[in-house]
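This report refers to the structure that appears directly beneath it.
The values are calculated or read from the model by the stated rules, or taken from the named source; none is laboratory data. Everything numeric in this text was worked out from a predicted model, so none of it was measured. When we count neighbours, we look across all protein chains shown, and the Cβ atoms used for this are built from the backbone with ideal geometry, even at glycine. Side chains included, ligands, DNA and RNA excluded: accessible areas come from the protein's heavy atoms. Shrake-Rupley method; radii C 1.70, N 1.55, O 1.52, S 1.80 Å.
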Amino acid sequence: MSDPSVTAGSEEARYRAALEGPRDAEALLAALGDPSWRVRKAASERLGRDFSLDEVGARLVTALADGENAGLRSAALETLAARGPAAAGLLAGAARSPDADLRKLAVDALGQVRAAETTEVLVGAVRDGDPNVRIAAVEALGKVGGAGATAELLRVAKGREWALRLAALDALAREGAELPFDLVAPALEDAYLRRVAARALAACRDPRAWDALLELACDRAHGTREAAFAAIASHARRAGVGAAWPSISGRRHELALRAREHAGGDSPAVAGALVVLSLLGDPANAPLLAAQADRDELRDVASAGLERLGSAAIPALVAALPELTAAGRSLALEAVGAATAAAGADRAELRDAEAAALRWSQAGEEEEVENAAAALLRSLRGADGPAPRRGRAGGNPIAMSPGEFSLLRDLLCEHCGILFRDEMAYLMERRLRPRLAERSLSSFESYHAFLRSDPDRAREMDAAIEALTTNETYFFREPNQLRAFSEEVVPAIASTKSDKRLRVWSAGCSTGEECYTLAILLLQSVWLRGWEIEIVGTDISRKVLAAAERAEYGPSSLRATSEEMRRAYFRRIGARYVPRDDVRFAVSFVRHNLMDRAPSGQPPVDVIFCRNVMIYFDIKARRRVLESFWRRLAPGGYLFLGHSESLLNVTADFELVHLRYDVAYRKPAESAAGVPP
């Protein structure tokens, strides 16, 4: 049925024509040049879904050469790149065109396609007569990767053409290639190349790279310093435990100033800044390290840094406890406990530690703070002498070998789908080390055997997943996506359902903020008056589900929630916020491993939210989870993913839907229950 509010020829009319109009290649190709990006995007998706490359490929290549309409060129490029390797032949031919602009765009597209068979074409393009084509070819080789591409990039990086050297070094750095220090060293002398040089040194194992990065961390240019600190973090992760981090000799005062400056941001440089502050050995930096505990990706670096500072940090940490967040207090108390258990703490430091433990174990704080304080108190008041340090063998931290990491990584991926990349070995080692102590095991190999065959392996696997998973969330996260859900998807569902029951599944719900956010939005909806609303949140972690059931949240969880919304839908109890009863009654929580098939016999759901969960999964696990989602979704049901996630090259079972405020995926309305097509 046509919508009388849509004016013929308006942007909305053109958008709907591209999205839902007849199967007309000419009209859709013309729409690729529309002034509206929404229309261009919809036309691109339709061309990709409804037409073969034999039908429209040549016309798309022609569109790349249009010198008048930049939007058309960009949309044609996106449409071809979305076809993946299937478009490689067409693009390789265009890369040999007499038109330099077309060659450049075709080379750009080959970089997005990332087909290994196009390496030879790109190597030839590096020698093109047009400098823009040469640079595009170098950048594309970095995206394609592989031995042939890397060899060509190394050759270019040694050349004399400044712009190509810059592009080649940058491409190699993004690829994570381990470059010889002598190859990068000349770039250190050029102010315009230092930022790229810092990135290129991230994987360099030459001892000179560390000293060069410390120099770059004091550079006048902010971008260079940021790249240097990010590379320093890479070196620290590769070294493993904090005790194995390299040392710092010169420029200590300037490094301290720069590290404090960059420790307050939210870029990858923060971790490197924390490493430098730890290595400088100043206990006054301890509170700054503990303050990073709210960010899961920094907690392990901060913990390792505090371990390096040892008992000297106890007075500063104890003094800072009232100013820290709950996560910061917990980390600080754990660090104090570790420092008192190790040799070196004097009597005054032990008294300070005991007083802090006593206060915070009785302060009525969050459970994690009380537990950390109680553990510290037990350690200090236990048997004669200091409590033995947990997770240590012969006084030294238990280390994880590459072979042990591979065994545990594969076992964990098989169990829950999460893929731990090689650079995450350090994180796994630190987070699982307390589990070895808990089970009185002396190596990670024995821990792997325990998880494989011990009668209590299921419970321990749960504990390992608890220790390793990240749970960062807050209310009203990704507002555009939530607006698309409440203002577009909900009305669409309400207009087609007759049973007046809306079911939503929040998969990987963490501590429940997403579920309660959805409940608030649905309770507000004028489309759902008199409807039954059912929101189910699932997660693999028992700990976060328990927190979701308690539904008590600190200010950090409500950082994107307006004061008006707080007053309307939350009760304040001290420093905590609790959702209103009708919000809580709309939500239930169930433990579920996404790698397990969804229980049979359950009614289908209308909407699934699974945001920023599958980014940690390998491709096999993603496909398995998406098959489960397909089975649980009602025909025409919607799937919302995180903004960095896509189903491209994963599955074609869902339709991509362009909404006014965001995008979503939809199970085709004509789909029957059962196995995906």
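Couple of notes before you dig in:
- Selection of segment 17-30 for residues being farther than 17 Å from residue 657 by Cα and either open to solvent by less than 60 Å² (accessible area, probe 1.4 Å) or touching a residue at least 40 places away in the same chain (Cβ under 8 Å) (or both) yields 25, 27, 29.
- Among (1) more than 16 Å from residue 579 (Cα to Cα); (2) out of contact with any Phe, Trp or Tyr (no Cβ under 6 Å at 6 or more places or on another chain); (3) among the hydrophobic types (A, V, I, L, M, F, W, C), the one test that residue 484 misses: (2)
- Taking the criterion of being of a type in the set (Gly, Ala, Ser) and surrounded by fewer than 20 Cβ atoms within 10 Å (Cβ to Cβ), the residues of segment 462-481 that qualify are 463, 467.
- Evaluation of residue 609 against the conditions (1) within 22 Å of the chain's Cα centre (by Cα); (2) hydrophobic (A, V, I, L, M, F, W, C); (3) in a helix (DSSP H, G or I); (4) under 13 Å from residue 505 (Cβ atoms) shows that the sole unmet condition is (3).
- Taken together, the residues in segment 500-558 that are of a type in the set (Gly, Ala, Ser) and farther than 22 Å from residue 467 by Cα amount to 3.
- Tally, over segment 536-588, of residues that are under 25 Å from the mean Cα position of the chain (by Cα), charged (D, E, K, R) and either open to solvent by 20 Å² or more (accessible area, probe 1.4 Å) or within 19 Å of residue 478 (Cα to Cα) (or both): 3
- Taking the criterion of being free of Cβ contacts under 8 Å to residues at least 40 places away in the same chain, surrounded by 15 or more Cβ atoms within 10 Å (Cβ to Cβ) and in a loop (DSSP other than H, G, I, E, B), the residues of segment 433-449 that qualify are 439, 441.
- Filter result for residue 91 (over 30 Å from the mean Cα position of the chain (by Cα) and under 20 Å from residue 60 (Cα atoms)): yes
- Candidate set: segment 17-36, residues that are assigned to a helix (DSSP H, G or I) and in contact with a Leu (Cβ under 8 Å, 6 or more places away or on another chain); chosen: the one nearest to residue 80 (Cα to Cα): 29
- Candidate set: segment 482-526, residues that are hydroxyl-bearing (Ser, Thr, Tyr) and not in a helix (DSSP H, G or I); chosen: the one surrounded by the fewest Cβ atoms within 10 Å (Cβ to Cβ): 498
- So residue 597, is it open to solvent by 60 Å² or more (accessible area, probe 1.4 Å) and not in a loop (DSSP other than H, G, I, E, B): no
- Any chance residue 216 is buried (at least 18 other Cβ atoms within 10 Å of the Cβ) and either over 21 Å from residue 425 (Cα atoms) or among the charged types (D, E, K, R) (or both): yes
- Enumeration of residues in segment 305-349 that are under 28 Å from the mean Cα position of the chain (by Cα) and farther than 21 Å from residue 279 by Cα: 324, 325, 326, 327, 329, 330
- Candidate set from segment 134-155 (those that are among the β-branched types (Val, Ile, Thr) and in contact with an Asp or Glu (Cβ under 9 Å, 6 or more places away or on another chain)); member that is modelled with the highest pLDDT: 138
- With respect to the conditions (1) buried (at least 21 other Cβ atoms within 10 Å of the Cβ); (2) at pLDDT 90 or above; (3) within 20 Å of residue 517 (Cα to Cα); (4) out of contact with any Ser or Thr (no Cβ under 7 Å at 6 or more places or on another chain), residue 613 falls short on a single one, namely (2).
- Residue check, residue 103 open to solvent by 30 Å² or more (accessible area, probe 1.4 Å), modelled with pLDDT of 85 or more and either under 19 Å from residue 77 (Cα atoms) or in contact with a strand residue (DSSP E or B) (Cβ under 6 Å, 6 or more places away or on another chain) (or both): yes
- Here residue 404 meets each of (1) at pLDDT 85 or above; (2) farther than 22 Å from residue 303 by Cβ; (3) not basic (Lys, Arg) with one exception, condition (2).
- Residue match in segment 46-57 (condition: over 37 Å from the mean Cα position of the chain (by Cα) and either exposed (fewer than 14 other Cβ atoms within 10 Å of the Cβ) or part of a loop (DSSP other than H, G, I, E, B) (or both)): yes
- With respect to the conditions (1) closer than 25 Å to residue 303 by Cβ; (2) over 26 Å from the mean Cα position of the chain (by Cα); (3) among the basic types (Lys, Arg), residue 165 falls short on a single one, namely (1).
- Odd one out for residue 247 among (1) open to solvent by 10 Å² or more (accessible area, probe 1.4 Å); (2) modelled with pLDDT of 90 or more: (2)
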